[in-house]
Amino acid sequence: MSGQTACSLKECQVVDERTEDEQIEALKAWWKRNGTSLLTGLVLAVALILGWNAWQQHQTDQRMGAAARFQELYTAINTPNPEEGKQSATVTYAADQLRSEYGDSVYAVLGSLLEAGFLVNAESAEKAVESLTWALEHAGEPPMPLIIRERLARAQFIVGEHEKALATLRQVENPGVFEPIYRELEGDILKDSGDMEGARAAYRAAAEASPGGGQGTLLEYKMADLAMAGDA
């Protein structure tokens, strides 16, 4: 034979048992070195999965809650109440609840815009200024801040805060597609303040930024009215 001696059955059993014992000891040693960190990793993985699911559910619950509050506000605005002051109180309460409970949601910003429109129509422009100021502070990404800023300036103009209204508009150097609206409102404010030259300049800027130069629009009539006033 090749010189190797085959083991007897008993010897082979001893070798196998020793090999199994060594494997078990090696496994125990490995577990001792790595078992704790492995369990920790598994626990963290499970916790992350559960945490992510809980966070997603929380986000879903928040959106649904905010949407429900927004619907309450919308209903209050569109449900006239014959009792004097009742509808305004209901609208204000609904808007306050929306802001206090879901102030970081877009529903709260949109709700403040709706409330402000209602308040202006209800001749409560001072309260509209407060709502729009809050909305501007929480507006987030464009174009929402540009829309709210124009509404805020208009409300400030209505309550006679001309300087604040102009400052609100002029804080934006380049309103983009809102340029004609911003400049026309600026012209209205300046005209009401008695600054006719400033109003003309603002109206011209609005016309230059408007499609077709503002022809056939209210802006054209405003410019013509100022021109006639200048000739008088």
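Please treat every number below as a calculation from the coordinates, not as lab data. Given the structure is predicted, the values throughout are model-derived calculations rather than measurements. Counting neighbours? That spans all protein chains shown, and the Cβs are built from the backbone with ideal geometry, glycine included.
Before moving on, here are some points about what is shown:
- Filtered residue count, the stretch 191-216, keeping only those that are more than 18 Å from Ala229 (Cα to Cα) and surrounded by fewer than 17 Cβ atoms within 10 Å (Cβ to Cβ): 6
- Scan of the stretch 97-153 for residues that are of a type in the set (D, E, K, R) and assigned to a helix (DSSP H, G or I), ordered by number: Arg99, Glu101, Glu115, Glu126, Lys127, Glu130, Glu137, Arg149, Glu150, Arg151
- Which listed residue is within 22 Å of Thr75 (Cα to Cα) and either free of Cβ contacts under 8 Å to residues at least 40 places away in the same chain or crowded, with 20+ Cβ neighbours inside 10 Å (or both), from Glu141, Glu130: Glu130
- Any hit, the stretch 105-116, residues being more than 17 Å from the chain's Cα centre (by Cα) and either basic (Lys, Arg) or over 16 Å from Leu152 (Cβ atoms) (or both): no
- The stretch 72-98 residues that are on the phi < 0 side of the Ramachandran plot and surrounded by 18 or more Cβ atoms within 10 Å (Cβ to Cβ), paired with ones that are aromatic (Phe, Trp, Tyr) and in a helix (DSSP H, G or I) (beta carbon under 7 Å, 6 or more apart): Ile77/Phe118; Val91/Phe118; Leu98/Phe70; Leu98/Tyr107
To keep it simple, each residue is scored yes or no on (1) without any contact (Cβ under 8 Å) to a residue 12 or more places away in the chain; (2) of a type outside the set (Phe, Trp, Tyr); (3) crowded, with 22+ Cβ neighbours inside 10 Å.
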site: Glu150; (1), (2), (3): no, yes, no
site: Phe157; (1), (2), (3): no, no, yes
site: Ala167; (1), (2), (3): yes, yes, no
site: Phe178; (1), (2), (3): no, no, no
site: Arg183; (1), (2), (3): no, yes, yes
site: Ile189; (1), (2), (3): no, yes, yes
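- Of all residues making up the stretch 184-198, the number that are over 14 Å from Glu220 (Cβ atoms) and either touching a Ser or Thr at 6+ places or on another chain (Cβ under 9 Å) or hydrophobic (A, V, I, L, M, F, W, C) (or both): 4
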